[in-house]
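*Asks:* Below is a structure I'd like to ask you about.
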Amino acid sequence: MKKHYPLILFLSLLFLTGLACGEAAPMPIPPTPAPVGPVVPKEGRILSLDVTEAQGEDYDATFAAAHALGMGDVSLTIFWDEVETSPGKFNPDPNWLAIANAYYGAQETAVSLTLSVLDTATPRLPADLAGKPFDDPAVIARFNQFLDYVFSQIPDLELTTLAIGNEIDGVLGTDAARWGAYETFFAETAVHARTLRPNLRVGSKGMFDGMTGPAADFFQSLNRHSDVVQVTYYPLNGDFTVRPPDTVHADFQAIAALYPDKPIYFLELGYPSGEANRSSEAQQAEFIRQTFRAWDDHADQIRLITFVWLNDIPSGAVDELTGYYGLSNKAFASYLGTLGLRAADGTEKPALSVLRAEAKVRGW
């Protein structure tokens, strides 16, 4: 799942208008549970959070709260068709890249940057390229020009990784011809991206169920050209009900076994707490606990996890996302609306207390 909800909107308010929201009233913090059993120190692993604001809370306060948890990386997604508004012309409004460069550069916080050319269920090519195969030389050349523009806007931004495409299997399915065209596109554009930033780690994001299931062979071929394996992970059944919290152990083992020689980045990982998902806040908290245990088991290979989200997103954003994906059932909306570690008003769920304790004992 990828957010069409513009999380970095909060930064634009700071830099484009100079306005800030009022501070939220302090929320009571539940007792912090003690971790159980042996733990593995963080040792270079990266804890990342998707920083969504609570109601009435400004972005600086939210960012500081996330940073206090040990956050060393944040996510930023840019859609190609929203930036290249006509052939070879880049007119983003607002310019999220420049805003991120100013804000996160000053905060000395790294960014996992996604350039969405495919976005879960939707191609995001500029209008004049729509319908062209990805291995068309014109598409490759234009995206390389887009990469040049992107990196010209972020000279001060430290990148943890670059994702070319988000949850690409949602569009490519199991169509061998489309996968072949996209692999050619990815291989050539990844080479160009590496010329623009020393030691850049490039990949293409896939959904866990596709990467370990029907699209596994296609991902194996594609990831020959990647520096890192990039995964999104939400342990759900097909009806958006949750799988048991401890399923994360077998799932981490499965992806690690498929890619024993590459670092793995979970660029999205989350577990809803909604009743419509047959979940609860207690189950969500247990999932966070089990995730840290499973991460310890694969500490040498799984190098980054981004927890989605810090706060539940508001109902308007849920409506926007359900419209974007064309899914209106109650369980899907609940999934989107209850992923946060805090409620929309900033009240901590038990999952945040667990994350705080598990992170702290490992040295974050």
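A short reminder: the numbers here are calculations on the coordinates, not readings from a lab. The model shown is predicted, which means the values in this text are computed figures rather than measured ones. Ideal geometry is used to build each Cβ from the backbone, glycine not excepted, and the neighbour counts take in all protein chains shown.
*Asks:* Please get the size of the charge dipole for the stretch 173-308, origin at its Cα centre, with Cβ charges of +1 on Lys and Arg and -1 on Asp and Glu, quoted in debye to the nearest 20.
*Replies:* Dipole magnitude for the stretch 173-308 comes out near 420 debye.
*Asks:* Can you give the % of DSSP beta bridges in the chain that are antiparallel, to the nearest 5?
*Replies:* Counting DSSP beta bridges with both partners in the chain, the antiparallel share is about 15 percent.
*Asks:* Further, regarding this structure: Run lengths n ≥ 4 of DSSP H only: what is the helix-derived mean residue ellipticity at 222 nm for the chain, with -39500 (n - 2.57) per run over all residues, to the nearest 500?
*Replies:* After summing the helix terms and dividing by the residues of the chain, the value is -11500 deg cm²/dmol.
*Asks:* Starting from the Cα gyration tensor of the stretch 213-364, take the square roots of the eigenvalues, sort them a ≥ b ≥ c, and report rounded, prolate or oblate (rounded when a/c is under 1.5, otherwise prolate if a/b is larger than b/c, else oblate).
*Replies:* Oblate is the answer for the stretch 213-364, as a/c is 1.5 or above yet b/c matches or exceeds a/b.
*Asks:* Okay, next question. Using amide H atoms built in the peptide plane, which far-off residues or other-chain residues are under 5 Å from residue 236 H to H?
*Replies:* Result for residue 236 returns 243.
*Asks:* Looking at the stretch 115-241, I'd like the Rg to Rh ratio, where Rg is from alpha-carbon atoms and Rh is Kirkwood's inverse mean 1/r.
*Replies:* Ratio value, two decimals: 0.97.
*Asks:* Looking at the chain as a GNM with Cα springs under 10 Å, which of 350, 126, 155 has the largest mean-square fluctuation?
*Replies:* Among 350, 126, 155, the largest GNM mean-square fluctuation belongs to 155.
*Asks:* Note the count of lysine pairs whose C-alpha atoms are less than 22 angstrom apart in the chain, limited to pairs 8 or more residues apart or on different chains.
*Replies:* Value for the chain: 12.
*Asks:* I would also like to ask the following. Give me Rg/Rg_expected for the chain, where Rg uses Cα atoms only and Rg_expected = 2.2 N^0.38 Å with N residues.
*Replies:* 0.94
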